[in-house]
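Notes to accompany the following structure.
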Amino acid sequence: MTCNPRWKEIQEALLPGQEPVDRPDIVSRVFKLKLEELKKDLFVKNIFGEVAAWIYVIEFQKRGTSRAAIHIYTDKNGVEHMTENEVNSYLDTRYVCAPESIWHIFDFRMSDRSTPVMQLKVHLKNAQGVVYKEGEEKDAAQRGQLRDTTLTAWFAANQRCYDELESTGMIPEDVVDLPRFLDDFAEDFVYKHFPKEKAEALAYNDLIVRMNAMGEKLEKWMSLGYERIMPDDVIDFDYCTKEGDRMRSTLVAEQEEVVKAVLDAVKSGGGLIYVDGPGGSGKTYVYLCLINILQGMHLKVIPIAWIGIAASLYCLMEERWLHSSI
Ligand SMILES: Nc1ncnc2c1ncn2[C@@H]1O[C@H](COP(=O)(O)OP(=O)(O)OP(=O)(O)O)[C@@H](O)[C@H]1O
């Protein structure tokens, strides 16, 4: 839909001697009202038939003519092809004309789309809600058993989809092709400096732990014959000592002061030390240095942080957030 400055509603709202170009605010408001009306016709009154999904983008042509490019999908299968060329939309709007500025100032939406998201009425098996009239309870209960709820219909759709995939041979049998994905699974551990073979064993053990947590057994599908090892069993103490010493030799005086205070506290049975400093002043570097030194001494170090991002900085360690360590 393209805006027409000669529209009656625009012309009537102009003050004597004004042209539409003088009143982008009126032009934008009228265009917006008409767009809303058109949306009602298309998507509520369905004047062109049932609509499966829709999306529109507002465009402003070179001399400021507003235009809504609306895609309507009448076929549910077409919905998944809805894409927007963001690069082109960006380039096309480099020139900001008066109606476009007003459109933004009024906070009108630049694009909108229908959301093909449905809320499922979750219920336990055979415990769906049934609406009944007094005296017709039995019929209603029977009807309720026959009729799908959004949840049971969703289960049925999943089953149909699964059956289709199965009939085309796209669902693998109960075999997990771990060797094919082992490199990907082991990547995290390689990143944490474990040699490839240990990283693979750790990945395999990690899968076992995760499966156990879900009440499943990895062995049911396969056994790769790795021995059970946990990250703590494969700490390279020599590497930690060397790396700790190397980092310590590079510390500036204030950093060394912190490291010394912590190591003294460890020797004398413990303590609580608070470290502060401006952003980028080398706090994390000190923690990493300490982690290496202490691990090299076969001591257990548990880094904890308020947020996941900070926790992930301790890449030598299993990441933990504060709440998971308490
Ligand atoms: N003594 C040092 N020798 C070499 N590089 C260092 C040293 N101290 C810090 N750096 C480097 O300086 C940068 C900033 O240090 P770091 O990330 O430890 O600061 P930070 O205080 O933890 O920062 P933020 O508060 O933003 O988290 C890092 O790249 C770190 O490797």
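Brief remarks follow.
- Of the helices (runs of 4 or more DSSP H) lying entirely inside region 269-326, those containing at least 1 residues that are out of contact with any Ser or Thr (no Cβ under 7 Å at 6 or more places or on another chain), open to solvent by less than 40 Å² (accessible area, probe 1.4 Å) and modelled with pLDDT of 50 or more span 283-296, 308-312.
- Candidate set from region 190-206 (those that are touching a residue at least 24 places away in the same chain (Cβ under 8 Å) and open to solvent by 20 Å² or more (accessible area, probe 1.4 Å)); member that is farthest from the chain's Cα centre (by Cα): K198
- Filter result for M110 (farther than 30 Å from Q145 by Cα and modelled with pLDDT under 75): no
- With respect to the conditions (1) in a loop (DSSP other than H, G, I, E, B); (2) at pLDDT 80 or above, Y95 falls short on a single one, namely (2).
The values are calculated or read from the model by the stated rules, or taken from the named source; none is laboratory data. Since we're looking at a predicted model, the values are computed, not measured. Glycine also receives a Cβ, built like all others from the backbone with ideal geometry; neighbour counts cover every protein chain displayed. Accessible surface is based on the protein model in full, side chains and every heavy atom, while ligands, DNA and RNA are left aside. Shrake-Rupley method; radii C 1.70, N 1.55, O 1.52, S 1.80 Å.
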